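A.B. asks: Below is the structure I would like to discuss, written out as structure tokens.
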Amino acid sequence: METAAAPVSDGRIPFKGAATWYRVVGEGEEPGKRPLVSLHGGPGGAHDYLEPLGGLARGRRVIFYDQLGCGRSPYPEDPSMWTVELFVEELGAVRDALGLDHIHLFGSSWGGMLAMEYALTQPSGLESLVIASSPASMTQWVEEAVRLRAELPQEVQDNLTRHEEAGTTDDPAYEEACMAFYERHVCRVVPFPDYVQRSFDQMPNQVYLTMNGPSEFHVVGTLRSWDIRDRLGEIAAPTLVTSGRHDEATPLIAETVQRGIPGAEWVVFEESSHLAHAEETERYLEVVEAFLSRIESGNESTQP
């Protein structure tokens, strides 16, 4: 799926005294098709690593945006700002500003958590969800991360623990030790593709440190007790769950989401970890395109 021919336009939406930067790939929808809004992870990861999703702009627009506080949507440092509710509100503001009455919603990692939170508000015009490698519980996420971390070489584990206990997680040696985990369970294409590296280069930032913590497995931020497992049954939109065989969002995590959302489907990408769209791009786009097209053809019920 080539994206070069699709026109691209950027803009900014006033929000909370600052502005949310967005990018639209494509020019409107063919009859029956709906735009796809993509939510990046992190929190604070910026949209860059999701760029391959622009390949879905065939007869529909694909909308990216940098959530407030990261990437091209900077905000003065204020840890009290960074809440789930803020980012749910921001998504609504993006939809309103761009006139997106009916949408497909894609969320990667934290973006999938945000997408599920948004779906729980029962918004109008939510045609479908794609939940990519996202947990429904940070407690479960941490339990699985601890298990995966225990499979790392002992020297790496010792380095991680030493810096976490000493409060020196900003030390380059800690970041280097983290990479041993990330290259196994986040992106197995090494070196990382440029668009993935651009997102990594912006991390960790204040949004990530406030909500998550210093790393994917040392979760000490405000999201540490987040859990919506008992509310998944309230999500009414047709849902596709995707994950990688080597994903930090382990099969247990993905299955929890899939079993919790009524009628949800689940596809595992055997050669991938957390960023299947970057690790098996062609197949990933084919799977998501088939799902979106099936929804648009009326083969699945959609919300009014």
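A.B. asks: When DSSP assigns beta bridges and you keep just the ones with both residues in region 4-96, what percent turn out antiparallel, to the nearest 5? Let's see the in-between values first.
C.D. replies: Working: 13 of 15 bridges.
The answer is about 85 percent antiparallel.
A.B. asks: Separate question: Can you tally the net charge around Gln258? Count Lys and Arg as +1, Asp and Glu as -1, for every other residue whose Cβ sits under 13 Å from the Cβ of Gln258.
C.D. replies: On the way: positive: Arg229, Arg259; negative: Glu255, Glu265.
So the surrounding residues net to 0.
A.B. asks: Taking every pair of distinct Cα atoms and averaging 1/r, then inverting, what Kirkwood hydrodynamic radius in Å comes out for region 1-64?
C.D. replies: Details: mean 1/r = 0.0800 Å⁻¹.
Computed over region 1-64, the radius equals 12.5 Å.
A.B. asks: Turning to a different aspect of this structure: Where the centroid of each part is defined by its Cα atoms, how far is region 229-265 from region 80-140 in Å?
C.D. replies: Distance between centres, Cα-based: 15 Å.
A.B. asks: How high is the FRET efficiency between Thr161 and Glu282 when r is their beta carbon distance and R₀ equals 35 Å, given to the nearest 0.05? Intermediate values should be presented prior to the final figure.
C.D. replies: Numbers: r = 39 Å, r/R0 = 1.12.
Efficiency for this residue pair is about 0.35.
A.B. asks: Moving to a separate point now. Using a probe of 1.4 angstrom, how much of the accessible area of the chain is carbon and sulfur, in percent? It would help to have the intermediate numbers written out before the result.
C.D. replies: On the way: 5910 of 12280 Å².
With neighbouring chains kept in place, the figure for the chain is 48 percent.
A.B. asks: With a 1.4 Å probe and all protein chains left in place, how much accessible area per residue does region 191-304 have, in Å²? Intermediate results must be reported in sequence, preceding the final value.
C.D. replies: Values: 4820 Å² over 114 residues.
Per residue, region 191-304 has 42 Å² of solvent-accessible surface.
A.B. asks: Among DSSP beta bridges lying fully in the chain, give the percent that are antiparallel, nearest 5.
C.D. replies: Working: 14 of 35 bridges.
Rounded to the nearest five, the antiparallel share is 40 percent.
A.B. asks: Roughly how tilted is helix 154-166, in degrees to the nearest 10 and between 0 and 90, from the longest Cα axis of the chain?
C.D. replies: Approximately 90 degrees, to the nearest 10.
A.B. asks: Can I ask one more? In region 143-175, which residues have a backbone nitrogen under 17 Å from the label point lying 7 Å from Glu77's Cα in the Cα-to-Cβ direction?
C.D. replies: Residues 168-171 qualify, since their backbone N sits under 17 Å from the label point.
A.B. asks: Sticking with this one: Note the per residue figure in Å³ for the convex hull of the C-alpha positions in region 56-130.
C.D. replies: Details: hull volume 7.9 nm³, N = 75.
Measuring per residue, one finds 105 Å³ for the Cα hull of region 56-130.
A.B. asks: In addition: When the convex hull of the C-alpha atoms of the chain is computed, what volume per residue in Å³ does it have? Intermediate results must be reported in sequence, preceding the final value.
C.D. replies: Numbers: hull volume 36.1 nm³, N = 304.
Roughly 119 Å³ of hull volume per residue.
A.B. asks: Please name which of His274, Pro204, His47 has its Cα lying farthest along the dipole of the chain towards the positive end, using unit charges on Cβ (Lys, Arg +1; Asp, Glu -1) and the Cα centre as origin.
C.D. replies: After comparing all options, I get His47.
A.B. asks: What translational D, rounded to a whole number of µm²/s, comes out for region 183-297 from Stokes-Einstein when the hydrodynamic radius is the Kirkwood one over Cα pairs, at 10 °C and 1.306 mPa s?
C.D. replies: Values: Rh = 15.8 Å.
So the translational diffusion coefficient is about 101 µm²/s.
A.B. asks: Over the chain, what relative contact order in percent results from Cα pairs under 8 Å that are six or more residues apart? Let's see the in-between values first.
C.D. replies: On the way: 604 pairs, mean separation 61.1, N = 304.
The value is 20 percent.
A.B. asks: Helix 172-185 sits at what angle to the longest principal axis of the chain, using alpha carbons and giving 0 to 90 degrees rounded to 10?
C.D. replies: That helix lies at roughly 50 degrees to the long axis.
A.B. asks: In addition: Could you check the simple spin-label distance between Asp171 and Glu85, using points 7 Å along Cα→Cβ, in nm with one decimal?
C.D. replies: 3.9 nm
A.B. asks: Follow-up. What per residue convex hull volume, in Å³, do the alpha-carbon atoms of region 155-204 yield? Don't skip to the end; give the middle numbers.
C.D. replies: On the way: hull volume 3.8 nm³, N = 50.
That works out to 76 Å³ per residue.
A.B. asks: Place the peptides 200-207, 76-83 in order of packing, highest mean first, counting for every residue the other Cβ atoms within 10 Å and averaging per peptide. Please list the in-between numbers first.
C.D. replies: Working: 200-207: 18.8, 76-83: 13.1.
Listed from highest to lowest mean packing, they are 200-207, 76-83.
A.B. asks: Once both labels are modelled 7 Å past Cα along the beta-carbon direction, what's the Arg229-Arg259 spacing in nm?
C.D. replies: In this crude label model, Arg229 to Arg259 measures out at 0.9 nm.
A.B. asks: With all distinct Cα pairs included, what does the Kirkwood hydrodynamic radius of region 39-174 come out to in Å, to one decimal, could you say?
C.D. replies: Numbers: mean 1/r = 0.0586 Å⁻¹.
One decimal place: 17.1 Å for the Kirkwood radius.
The values are calculated or read from the model by the stated rules, or taken from the named source; none is laboratory data. Note that this is a predicted model, so its numbers are computed, not measured. When we count neighbours, we look across all protein chains shown, and the Cβ atoms used for this are built from the backbone with ideal geometry, even at glycine. We work out accessible area using only protein heavy atoms, side chains counted, and drop any ligands, DNA or RNA first. Shrake-Rupley method; radii C 1.70, N 1.55, O 1.52, S 1.80 Å.
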